[in-house]
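Participant: Dropping a structure here in structure tokens format, bear with me for questions.
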2 protein chains.
Amino acid sequence: MSGTRPTPSSVTSLDVAKLAGVSRSAVSRAFTPGASISDKTNKKVQKAASELGYRVNLVARGLNKRRTDLVGMIAAGMNNPFRSEQIDALAKRLVREGFRPMLFCIDGDMDEERLLSILLNYQVSGVVITSDAPPKEICEECARMQVPLVLVGRGDALPYVDLINGDDAKGGRLAAEALFAAGRRRFLVLAPVKPVHSVSARILAFNKRASELGLEAEQFTLNSHDYESGRDAAVKIAKRRDDKLGIFCPTDVCALGLLDALRSQHGIRVPHDISLIGYDDIPQAEWVFANLTTVKQSVEEFARVTVDLLQERIKNPSADPKSEIIDVKLISRGTV
Amino acid sequence: MSGTRPTPSSVTSLDVAKLAGVSRSAVSRAFTPGASISDKTNKKVQKAASELGYRVNLVARGLNKRRTDLVGMIAAGMNNPFRSEQIDALAKRLVREGFRPMLFCIDGDMDEERLLSILLNYQVSGVVITSDAPPKEICEECARMQVPLVLVGRGDALPYVDLINGDDAKGGRLAAEALFAAGRRRFLVLAPVKPVHSVSARILAFNKRASELGLEAEQFTLNSHDYESGRDAAVKIAKRRDDKLGIFCPTDVCALGLLDALRSQHGIRVPHDISLIGYDDIPQAEWVFANLTTVKQSVEEFARVTVDLLQERIKNPSADPKSEIIDVKLISRGTV
DNA sequence: GTGAAAGCGCTAACAC
DNA sequence: GTGTTAGCGCTTTCAC
């Protein structure tokens, strides 16, 4: 269109300024929403800019403002559909709100601490940790650096950080009540040896409600909390012939493993012989073979509140840490 | 430890230099692997740095080097487990190789073009697009900006960009042969109205191999290629009572929808009545209810080759575009 | 091996 | 509303 142009990768605001016959500040203003600039200059700048193929260098801007719009997401267990949905929703929400998500997945020696350290070097505007159990030191590190930190699914009130959790207390209660309402009088709960906070909270609430109902929930310990451990648990569980058995499995992936094996390999009729309720409402819970009754947590809601929290803290860094609870609800399908 | 320290967020290389009694360059060198610096100065600097809680500002460094180590990942359809596995593996690989992944998910009006534009403003070291069908203009834009671009799962040889694909030709062939070997003599393939490149390639190869075997594969058109459309297709497919029917469904999620509905809702015995083969080998394909025979693509392999491609191009920006093919293999389970 | 000086591309006062 | 000046924190010649 316009003869030979300079290598576009090196077009700077000064180049645009020259071509437009204005100053660099004018160019800067033209690319800063809400800056005071006349319509006329703005037009001139825009024209020159697009002619040269100019794009603002956000790294330079970031250096200046001492803050990029980068937000780090630290995640673990992306093979759990709930987690990947969560990350997907969060990434979308962040972008819509003007942030730029970075994704760091826990992997071997790349633990929360190392990953966070990298993020801090990038002058991120915030960090969201959805993996479980971030060490305390890293929270302090963020506080020192004045970097907003949001922990999702980690209950304890750590100082300096904002928290967001599903309403695990309600979820556990709902599960117990659903099983009870279905006439189940013998409760079993599948708990991993080393449960993450939210899982413990659900179990605790389940047990509590159970005992309020005059029942004592029996605990069944699993190595992990994934499909495989649920499936493997089926062998033992299928052998038991308790009447009116109601099982709470505080993670859908795990519940699906159990359910799948119970039905396909052990000929157990669910809910005729056994009732089962999961947690999360992952897409697979609705699959025909499963039709799993579960407790739903909305990933969009999680994302929305997380980003809100981030924005509030950026506005007001010294505000007291907040702790938000996301509502949950029972999704009644066919396993209770 | 050391009395009052300055706000750690503002510790600069100059502060460290002063405390260590060296110049800023020395500090810079101490934090640049491979820079020529004596052991003694290095130690002094490290000590001063950790005392002050110094961390290099990667934004400033990026401005200087005119290149961050940020790599943009543009993705769509994270609800497909294959995609989320792919992103997970890629993110991990990138980090291990010293890059910093950013995750942009296609979402409404946030299309490839807009997202890429943002990425370019961040002076990213590279971009990986796993969503399907990035417009041609954006490839040119990357080329102009000298930003390496890797397209995964997009076959056409666009100029300037590196390509990486699964071996769809082999995969389609494998599927046809597996069905044939199982005695199936009537082939059906489930194709979405608007297939993405890789899916078309698989179908093409399947059809070709079928006709070599003396069979003509019948096409069954779906609106989409997810679990729901597979499940919905079951109604019509269950009605047909062709003998020896073998179905190829070029995406596991879709195959699982069909399989699940066929077995659970229509009482079809697979593979007794119908044989079915999927594609991708997502974790759910191995679930008990499914036990789906499928064609596996390794996400780790994808990730490895993608990052290799990126690194090569960074080293040699003007090299000819490459096109890599990832091997696939048949995973025989119980549906064929 | 080390330091001084000169930028990387941008925004933020400050005058006008 | 606009231009001028002075940095943001780092790396990088270039002398020494």
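The values are calculated or read from the model by the stated rules, or taken from the named source; none is laboratory data. Worth saying up front: this structure is predicted, and the values here are computed from it rather than measured. When we count neighbours, we look across all protein chains shown, and the Cβ atoms used for this are built from the backbone with ideal geometry, even at glycine.
Participant: Would you pick out the residues in region B:46-75 that are among the hydroxyl-bearing types (Ser, Thr, Tyr) and more than 9 Å from chain A (Cβ to nearest Cβ)? Walk me through it before giving the result.
Facilitator: Narrowing region B:46-75 to residues among the hydroxyl-bearing types (Ser, Thr, Tyr): B:50, B:54, B:68.
Selection gives B:SER50, B:TYR54.
Participant: Further question on the same structure: Show the residue pairs that are 6+ apart or on different chains and have beta-carbon atoms under 8 Å apart, the first residue being within region B:194-210 and in contact (Cβ under 8 Å) with a residue 40 or more places away in the chain, the second being of a type in the set (Ser, Thr, Tyr).
Facilitator: B:VAL199/B:THR251; B:ARG202/B:TYR279
Participant: Also: Counting just the residues of region A:253-273 that are surrounded by 24 or more Cβ atoms within 10 Å (Cβ to Cβ) and either away from chain B (no Cβ under 12 Å) or among the polar types (S, T, N, Q) (or both), which one comes out nearest to A:VAL196 (Cα to Cα)?
Facilitator: In this case the residue turns out to be A:CYS254.
A quick yes/no check of all residues on (1) more than 11 Å from the chain's Cα centre (by Cα); (2) within 16 Å of DNA strand D (Cβ to nearest atom); (3) at negative phi:
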| residue | (1), (2), (3) |
| --- | --- |
| B:ASP69 | yes, yes, yes |
| B:MET73 | no, no, yes |
| B:ARG83 | no, no, yes |
| B:VAL95 | yes, no, yes |
| B:PRO101 | yes, no, yes |
| B:PHE104 | yes, no, yes |
| B:ASP109 | yes, no, yes |
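Participant: Cβ-Cβ below 8 Å, separation at least six or inter-chain, first residue in region B:81-107 and within 24 Å of B:GLY257 (Cα to Cα), second aromatic (Phe, Trp, Tyr) and assigned to a helix (DSSP H, G or I): which pairs?
Facilitator: Correct list of pairs: B:GLN86/B:PHE302.
Participant: Ok, one more. Do the conditions hold for A:ARG240, that is, is it modelled with pLDDT under 95 and not acidic (Asp, Glu)?
Facilitator: yes
Participant: Now for a separate question. How many residues does region A:76-107 hold that are polar (S, T, N, Q), facing chain B (nearest Cβ under 7 Å) and touching a helix residue (DSSP H, G or I) at 6+ places or on another chain (Cβ under 6 Å)?
Facilitator: Residues flagged as polar (S, T, N, Q), facing chain B (nearest Cβ under 7 Å) and touching a helix residue (DSSP H, G or I) at 6+ places or on another chain (Cβ under 6 Å) within region A:76-107 amount to 1.
Participant: Output the residues belonging to region B:256-286 that are hydrophobic (A, V, I, L, M, F, W, C), part of a helix (DSSP H, G or I) and in contact (Cβ under 8 Å) with a residue 60 or more places away in the chain. Give the steps one after another, and end with the answer.
Facilitator: Keep residues of region B:256-286 that are hydrophobic (A, V, I, L, M, F, W, C), which gives B:256, B:258-259, B:261-262, B:268, B:270, B:274, B:276-277, B:282, B:285.
Restricting the remaining residues to those that are part of a helix (DSSP H, G or I) gives B:256, B:258-259, B:261-262, B:285.
The answer is B:LEU258, B:LEU259.
Participant: Restricting the search to region B:195-250, which residues are within 21 Å of B:ALA285 (Cβ to Cβ) and assigned to a loop (DSSP other than H, G, I, E, B)?
Facilitator: Correct list: B:PRO195, B:VAL196, B:SER224, B:HIS225, B:ASP226, B:CYS249, B:PRO250.
Participant: Follow-up. Give the residues of region A:199-252 that are buried (at least 24 other Cβ atoms within 10 Å of the Cβ) and touching a Cys at 6+ places or on another chain (Cβ under 8 Å), sorted by residue number.
Facilitator: Of everything in region A:199-252, those that are buried (at least 24 other Cβ atoms within 10 Å of the Cβ) and touching a Cys at 6+ places or on another chain (Cβ under 8 Å) turn out to be A:HIS225, A:TYR227, A:GLY230.
Participant: Here's another thing I want to ask about it. Inside region A:4-109, counting only helices (runs of 4 or more DSSP H) that do not spill past its ends, which hold 3 or more residues that are polar (S, T, N, Q) and more than 13 Å from DNA strand C (Cβ to nearest atom)?
Facilitator: Values: elements: A:13-20, A:24-30, A:39-52, A:58-65, A:81-96.
Qualifying helices (runs of 4 or more DSSP H): A:39-52.
Participant: Return the residues of region A:108-146 that are within 8 Å of another protein chain (Cβ to nearest Cβ) and within 25 Å of A:GLY166 (Cβ to Cβ); say none if nothing qualifies. Let's see the steps before the verdict.
Facilitator: Step one: filter region A:108-146 for residues within 8 Å of another protein chain (Cβ to nearest Cβ), giving A:110, A:115, A:117-118, A:120-123, A:144-146.
If the condition is that a residue be within 8 Å of another protein chain (Cβ to nearest Cβ) and within 25 Å of A:GLY166 (Cβ to Cβ), then A:LEU115 is the only one that fits.
Participant: From the list B:SER36, B:SER25, B:SER13, which residue is away from chain A (no Cβ under 14 Å), modelled with pLDDT of 95 or more and within 10 Å of DNA strand D (Cβ to nearest atom)?
Facilitator: Details: B:SER36 fails: modelled with pLDDT of 95 or more; B:SER13 fails: away from chain A (no Cβ under 14 Å).
The match here is B:SER25.
Participant: Another one. Which one of A:GLY62, A:GLY53, A:GLY77 is under 28 Å from B:ASN64 (Cβ atoms) and either modelled with pLDDT under 95 or surrounded by fewer than 20 Cβ atoms within 10 Å (Cβ to Cβ) (or both)?
Facilitator: Details: A:GLY62 fails: either modelled with pLDDT under 95 or surrounded by fewer than 20 Cβ atoms within 10 Å (Cβ to Cβ) (or both); A:GLY77 fails: under 28 Å from B:ASN64 (Cβ atoms).
The unique qualifying residue is A:GLY53.
Participant: May I ask you to list the residues in region B:147-161 that are more than 14 Å from every other protein chain (Cβ to nearest Cβ) and either acidic (Asp, Glu) or assigned to a strand (DSSP E or B) (or both)? Explain how you work it out, then say what you get.
Facilitator: Taking region B:147-161 first, the residues more than 14 Å from every other protein chain (Cβ to nearest Cβ) are B:150-159, B:161.
Within region B:147-161, B:VAL150, B:LEU151, B:VAL152, B:ASP156 meet the criteria.
Participant: Is there a residue in region B:247-260 that is among the hydrophobic types (A, V, I, L, M, F, W, C) and more than 30 Å from A:CYS254 (Cβ to Cβ)? Working first, answer last.
Facilitator: First pass over region B:247-260, keeping only residues among the hydrophobic types (A, V, I, L, M, F, W, C): B:247-249, B:253-256, B:258-259.
With more than 30 Å from A:CYS254 (Cβ to Cβ) added as a condition, the list becomes B:247-248.
So far as region B:247-260 goes, yes, one or more of its residues are among the hydrophobic types (A, V, I, L, M, F, W, C) and more than 30 Å from A:CYS254 (Cβ to Cβ).
Participant: Kindly list, by first and then second residue, each pair from a residue in region B:180-192 that is surrounded by fewer than 19 Cβ atoms within 10 Å (Cβ to Cβ) to a residue that is part of a strand (DSSP E or B) and among the hydroxyl-bearing types (Ser, Thr, Tyr), limited to pairs with Cβ atoms under 7 Å and residues at least 6 apart or on different chains.
Facilitator: Partner pairs satisfying both residue conditions: B:ALA182/B:SER275.
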